[in-house]
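Quick notes on the structure that follows.
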Amino acid sequence: VPSDAVCIAVTFSTGSDSRFLAKAVTGWRQELPVPLTDSLEISPTIDPFQLSVGPALRLRVMMGGQPAAGARIGNGRESVATVGPDGIVAVPVTQAGLQLVTATLQRAGGAEGGHPVVHHSTLSFILE
């Protein structure tokens, strides 16, 4: 990854009932809190590379330009929070190294009585 790269985002689908977005942050720019896609997306609200172990990282979780209220947030091991109506959530930083934040949100399917669609998103960065 080039040293001036800030973010890599990959979206994919596993059929009609699951959507995925994987996002890796390698540097910081002021534009980063703005979502890159209409998919379920986790964005840091501040420079995560300035954090230390202990304080919580404030994140914005959006989908389709709207707050993803109700999305479940995890740290790669367990569920740690639920996104509020403003799309903001705080996730504790408990250790240095690779940080993995996950979000999952279930929405009704397109057709009436259709299967729900589960949206998944990850955000990763390395905290030294």
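Please verify whether G97 is at pLDDT 90 or above, of a type outside the set (F, W, Y), open to solvent by less than 40 Å² (accessible area, probe 1.4 Å) and within 11 Å of the chain's Cα centre (by Cα), treating the condition exactly as stated. Judged against the criteria, G97 is not a match. Of the residues R77, R72, R60, the single one that is within 16 Å of V101 (Cβ to Cβ), free of Cβ contacts under 8 Å to residues at least 12 places away in the same chain and either in contact with an Asp or Glu (Cβ under 7 Å, 6 or more places away or on another chain) or of a type outside the set (A, V, I, L, M, F, W, C) (or both) is R77. Each residue in the range 70-101 was checked for being farther than 17 Å from P48 by Cβ and aliphatic (A, V, I, L, M), and 2 pass. Just one of the listed residues (L57, L36) is within 13 Å of the chain's Cα centre (by Cα), of a type in the set (A, V, I, L, M), crowded, with 18+ Cβ neighbours inside 10 Å and farther than 15 Å from L105 by Cα, and it is L57. Looking at this structure, is T94 touching a residue at least 24 places away in the same chain (Cβ under 8 Å), within 15 Å of F20 (Cβ to Cβ), part of a loop (DSSP other than H, G, I, E, B) and not acidic (D, E)? Taking the combined requirement at face value, the residue does not satisfy it. Checked across the range 105-112, the condition of being modelled with pLDDT of 90 or more, open to solvent by 40 Å² or more (accessible area, probe 1.4 Å) and of a type outside the set (V, I, T) holds for at least one residue.
The values are calculated or read from the model by the stated rules, or taken from the named source; none is laboratory data. Remember, predicted model here, so these are calculated numbers, not experimental data. Cβ sites come from the backbone with ideal geometry, for glycine too, and all protein chains shown count toward neighbours. Accessible surface is based on the protein model in full, side chains and every heavy atom, while ligands, DNA and RNA are left aside. Shrake-Rupley method; radii C 1.70, N 1.55, O 1.52, S 1.80 Å.
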